[in-house]
Amino acid sequence: MPLIAGVVCLSVLAACAGRPPVDSPNRAAFYDGVETRLLDDDLVNFRVQMTGLATRADVEDYAKCAASQYALIRGYGFARHVRTNVQEEGGVWRGDAVYTISPALPRGLQTLDAEVVAAACAEQGIPTV
């Protein structure tokens, strides 16, 4: 009987290992996916979703990482942030971001060197497209 109880206990613990409890102070943010839509030749919409211990900044960073990698995939070296809308409902964070992508450094203040940003995202464990 103690062996069966031990196996059940280990099974329950293993099932909980994927996601920490909601009330745990050490729970992590989870990256739940990116949807990419080409709006024009150089204008791209990124819709990202996160759960867990996410913040507005996490969602914005997730979209920025997706935009940087997307620019590289398309053969471009740069992106420029146009706008990001973030909302949270029931613990689900959603971001709706628009970036322009270009082969040369675009004009504007919120420009990204796609290669540098994508490398930083990889170091931080933030997924891209």
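Here, each number is a calculation from the coordinates, and none is a lab measurement. Fair warning: this is a prediction, and the values are worked out from it, not measured in the lab. Cβ: placed from backbone, ideal geometry, glycine included. Neighbour counts: every protein chain shown.
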Length added when fully stretched, D32-A122, from 0.36 nm per residue minus Cα-Cα: 30.8 nm
Let me check I've understood the local charge: for T111, count other residues with C-beta under 12 angstrom from its C-beta, Lys and Arg +1, Asp and Glu -1. What total comes out? +2
With θ taken as phi - 60° and the coefficients 6.51, -1.76 and 1.60, list the Karplus ³J(HN,Hα) couplings across region 48-58 in order, rounded to whole Hz; mark glycine and proline as x. 10, 9, 9, 9, x, 7, 9, 10, 4, 5, 4
Calculate, in nm to one decimal, what T111 and R56 gain on full extension: separation in residues at 0.36 nm each, minus their alpha carbon distance. 17.8 nm
Which order do F30, F46 fall in if you start with the one that has the fewest other Cβ atoms within 10 Å? F30, F46
How far apart, in nm, are two points set 7 Å out from the Cα along the Cα-to-Cβ line at D41 and at A104? 1.4
